[in-house]
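Input: a single structure, listed below in structure tokens.
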Amino acid sequence: MAGWCLGLTKEIKNRNGSLYLGPIFEYGHGSYDSYLDSGIHGWGKGHYVGGGFFARQRNHDGFYYEGDLRAGRFKSDYQGNLAEGLNANYTTEGSYIAAHLGLGKVFKLNQTDTMDTYLKYFFSRTSGDDVNIHSNLNEEMFNFDSVNSHRLRIGARYYHPMNKSSRFYAGLAYQYEFGGEASATHDGLCTPAPSLRGSSGMAELGLKVTSGKKVPMTLDLGVSGWVGKQKGVMGRLKLSWAF
């Protein structure tokens with residue numbers, strides 16, 4: 001999975017520190033594999049595009065609070081081996097809404113290095129769809145329910161300055177998914193439903209580059225790897241302008 005995010009940031013100074021507000025625009029694409037206990041293996045690819053709004057309060061003492069709300073559209077396709085000699089495929093699309101809330105604290109480790117510890121909650125909901133599933137036997141209509149995802153993540157990220165304008169970072173996190181079941185019905189009967197419920201671990205590496213005051217832009221390039229219930233590698237590109 002790879003994704004990019006573009007944002008505009010307005011800083012409002014206050015007694016405790018600074019409040020950062022602004023719109024965000026996002027796009028992502030990638031591929032996936034899913035496995036059921038029954039032996040069904042499916043795979044496919046998809047993409048999404050959307051936008052929203054974020055807010056972040058950063059205090060002088062290192063504490064910060066943040067949140068965002070986003071919405072957009074997604075499209076994905078699927079291919080699978082449902083049984084020996086039976087293959088199927090379909091395409092689905094719809095809308096999504098997502099949000100997150102977080103809090104954390106940045107600690108100074110020495111004169112140059114810092115540690116960012118955080119706790120974040122993520123929610124997302126993708127709409128359902130009526131899908132024609134094509135197989136080597138026939139075509140049938142399935143009703144896909146909407147999918148709700150609730151995730152809690154706790155982690156830490158270490159920052160080390162490379163020079164005046166760039167910082168290297170490395171992080172570790174633990175995440176628990178409370179739901180994420182993708183259920184469907186056919187002729188009123190429920191089908192086997194894959195779920196993301198469970199624990200995952202994440203490790204990340206990245207680089208943040210900040211331009212000069214004349215062009216207040218920040219570029220964030222990173223990659224993260226996941227193990228556990230969620231597996232895979234994700235790339236990230238984030239670009240923001242302050243005004």
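Observations, loosely collected:
- Sites Leu207 and Ile154 - FRET efficiency at Förster radius 25 Å, r taken between beta-carbons, to 0.05: 0.60
- The magnitude of the dipole of the chain, with charges of +1 and -1 set on the Cβ of Lys/Arg and Asp/Glu and taken from the Cα centre, is near 1920 debye.
- Multiplying the residue separation of Ser135 and Thr218 by 0.36 nm and subtracting their alpha-carbon distance yields 25.1 nm.
- Across segment 117-124, coupling constants 3J(HN,Hα) worked out from phi with the 6.51/-1.76/1.60 Karplus curve, θ = phi - 60°, read 9, 8, 9, 9, 10, 10, 10, 8 Hz, and Gly and Pro carry x.
- Along each principal axis, taking the top coordinate minus the bottom one, the Cα set of segment 1-106 gives 68, 25, 18 Å in descending order.
- Positive dipole terminus of the chain, leading residue within Thr210, Phe178, Ser31 (C-beta point charges): Thr210
- Stretching Gln79 away from Leu21 to a fully extended chain increases their span by 16.8 nm, per 0.36 nm per residue minus the current alpha-carbon distance.
- A DSSP coil position with no more than 16 other Cβ atoms inside 10 Å describes the following GluC sites (Glu not before Pro) in segment 39-133: Glu84.
- Calculated from the structure at hand, semi-axes √(5λ) of the Cα gyration tensor in Å is found among (i) 39, 18, 16; (ii) 26, 20, 16; (iii) 35, 22, 15 as (i).
- Subset of Lys108/Lys164; Lys208/Lys229; Lys120/Lys231; Lys105/Lys208 violating a 23 Å alpha-carbon distance limit: Lys208/Lys229
- Relative to the current alpha-carbon distance between Leu109 and Trp241, full extension at 0.36 nm per residue lengthens the span by 44.7 nm.
- Once the Cα gyration tensor of segment 49-148 is diagonalised, semi-axes √(5λ) in Å: 44, 16, 9
- Hull volume per residue, based on the alpha-carbon atoms of segment 126-171 and their convex hull, is 189 Å³.
- Lys, Arg +1 and Asp, Glu -1 on Cβ, resulting dipole of segment 81-164 about Cα centre, debye, nearest 20: 1080 debye
- Separation of the Tyr65 and Phe53 label points, Cα + 7 Å toward Cβ, nm: 1.7 nm
- Inter-label distance, Ile97 to His29: 2.8 nm, where each label sits 7 Å from its Cα along the C-beta direction.
- Heavy-atom SASA rank of Thr92, Thr112 (probe 1.4 Å, accessible area, largest first): Thr112, Thr92
The values are calculated or read from the model by the stated rules, or taken from the named source; none is laboratory data. What you are looking at is a predicted structure, and each value in this text was computed from that prediction instead of being measured. Cβ sites come from the backbone with ideal geometry, for glycine too, and all protein chains shown count toward neighbours. Protein only, heavy atoms only, side chains kept; ligands, DNA and RNA dropped before computing areas. Shrake-Rupley method; radii C 1.70, N 1.55, O 1.52, S 1.80 Å.
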